Amino acid sequence: MVKPACFVCTNDFDPVQRQPVRITCGHCVCAVCVGEIISRRDACPFRCRSGVRLRYRDVRVVDISVVETTEDNDIPAVLDLNRSLVAYRRMLREVAERNTMRIAQLDSRIAVQQDTLSRFFLRVRASVHEQKAMLYSLHSSENRLRAEVEHESFLLGELASLQTKLRQLKKDSTLNSTLNLDLLSDVACAARDQVDQGGKREDQPAPPNDEQEDSPVTHGQKRPRDEEECESAPSARRARRA
């Protein structure tokens, strides 16, 4: 009797060493060859799937036995099957435990991240409120400063106008004082002339003597100086006015 064999390695199927598996395209090969094909990232050896790479999800275990067995091979096959099932169950349990541990770690990390994000969000919101308050205060300060600058410029203009008026007033007061001094000097010169004329009148009827002769000489020496001052007063006034 011809036993079914793998089309890749041409070895007979064996329920323990070379278990037959079926690809989704319908071809049957042994488990060893399927593992090698998947590790090499090759497609179905019959090229029936347009060169699509073969994966473990494309492999299905054959539900019926295509291998002729004897009673001597049944017991080892069953034992090997039980051992493989136990190993597979142990592997699944370990995978489940690892996944549970990873899920717990991820949950703790997610909780920490959520707590950090919540605290960060609160700080960011507080900082945003503080920045808004600072911007509002800066805006108000800028408005106040602009108003103060405008008021200061207005005061500077007023001060400049007042300084101009003060200079004009100083000029006017200087001119008035000059005129007053001129008038006073004129009055003083007129009074001095009147005094000199009165002195001449009093000196005419007096009898001549040594003392009276000396006094007109002294008075005559002082009078020309006064006359020079009165004559020089108009020129001094003109110089001050200029």
(request) Please give the solvent-accessible surface of VAL195 in Å², to the nearest 10, using a probe radius of 1.4 Å with every protein chain present. (result) 100
(request) Keeping all protein chains in position, work out how much accessible area ASP42 exposes to a 1.4 Å probe, and write it in Å² to the nearest 10. (result) 60
(request) Report in % the part of the accessible area of the stretch 160-201 that belongs to carbon and sulfur, leaving out ligands and nucleic acids; probe 1.4 Å. (result) 63
(request) Enter the accessible area of GLU150 (Å², nearest 10), with the probe set to 1.4 Å and all protein chains included. (result) 110
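The values are calculated or read from the model by the stated rules, or taken from the named source; none is laboratory data. All figures in this text were calculated on a predicted structure; none of them were measured in a lab. For accessibility, only protein heavy atoms count, side chains too; no ligands or nucleic acids. Shrake-Rupley method; radii C 1.70, N 1.55, O 1.52, S 1.80 Å.
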